[in-house]
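I have placed the structure first, in the form of structure tokens, so that the comments after it can refer back to it.
Derivation of every value follows stated rules applied to the coordinates shown; laboratory data play no part. Quick caveat: nothing in here was measured; it's all calculated off a predicted structure. Neighbour counts run over all protein chains shown; Cβ positions are idealised from the backbone, glycine included.
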Amino acid sequence: MTPLERAHGSHLVRLSFARTARRVATIGLAFACLAGAAHADGVSRETALRGLLQKVDLPLARQVFARIMASIGDIAPSAFVAGYGRTEQLGDDWKPGNPQWDRAQALVAARLKREEANGGPVFAVTRLDVERVLDVPWTEDDIRFIDHSIPTPLGQALLRLLDAGITAGFVETIARDGGITDETRATFNESREKARAQYVEAMTDADRLSAEDPQRAERLRRLLASEDSQAMQEFGAALFRPSIRRFSSLMVDITPQLDALVAEFRARR
């Protein structure tokens, strides 16, 4: 197994990222609204989508997403070192408190910190990343309709409803799966309470405004309906591929040092 294959096969890449991709999939539609489609049909559709981006914001979902990305950076060194031990079949003694484990974790953390000091966060998803991987099946007419509807009271109510619902579901999934820091958990609990309050308020407004304009309400709901879970999982996984590749390349850089620590650990058992 080459160093790159070992890095890609680590517990962090195989499990932590896969799990996070499923979490991100739950807010896939939110970033569809924020970023538009990956495969726009012609200049007019692309231009319309870019204009749409300026009018759409889902602040609760965006804030939670940013926090989980930061949290991944916090836990990545420990997760990677634990996975390295599984790959090398080092057993239960390969854990925090063991001198070689601690030095390996510090080595990974230092390499990650150095990379981020020079090139910015390793675990990050930009709007361009979303545009690259996401394909929303909206026609030019659909885009114009959404664009014209967003500024209306109904459009704003539905966006607040979508933002709150996605955020609450996202936080619940994270709380159930674990793998986050205590600080992140406290932040998410606060976000969940905000989302619940916003959901109730937005639902009341959306119901009232939908009754006043039922045709617009039905079309907006159809266009903003979530895609199937498989498509969303694929979307979430695709979003993380650049981060996976970048992190894996960093681990390749320090593979000789990690292997030396593994050999030292085995010699002392």
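May I ask you to derive the FRET efficiency for Ala263 and Glu193 from their Cβ-Cβ distance with R0 = 51 Å, giving the value to the nearest 0.05?
Details: r = 50 Å, r/R0 = 0.98.
It comes out at approximately 0.55.
If packing is taken as the average number of other Cβ atoms within 10 Å across a peptide's residues, how do 109-117, 184-192 rank, most packed first?
184-192, 109-117
Assign one of three labels to segment 61-104, namely rounded, prolate or oblate, based on the Cα gyration tensor with a ≥ b ≥ c the square roots of its eigenvalues; rounded applies when a/c is under 1.5, prolate when it is not and a/b is larger than b/c, and oblate otherwise. Please report the intermediate quantities before stating the final value.
Details: a/c = 4.26, a/b = 2.70, b/c = 1.58.
The shape class here is prolate.
For segment 159-164, just list the computed ³J(HN,Hα) in residue order, Karplus coefficients 6.51, -1.76 and 1.60, θ = phi - 60°, integers in Hz, with x standing in for Gly and Pro.
Those phi angles translate into 5, 5, 5, 4, 4, 5 Hz.
How do the peptides 166-173, 216-223, 92-99 rank, highest first, by the average count of neighbouring beta carbon atoms within 10 Å per residue?
Working: 166-173: 21.5, 216-223: 15.9, 92-99: 12.5.
Descending packing order for the listed peptides: 166-173, 216-223, 92-99.
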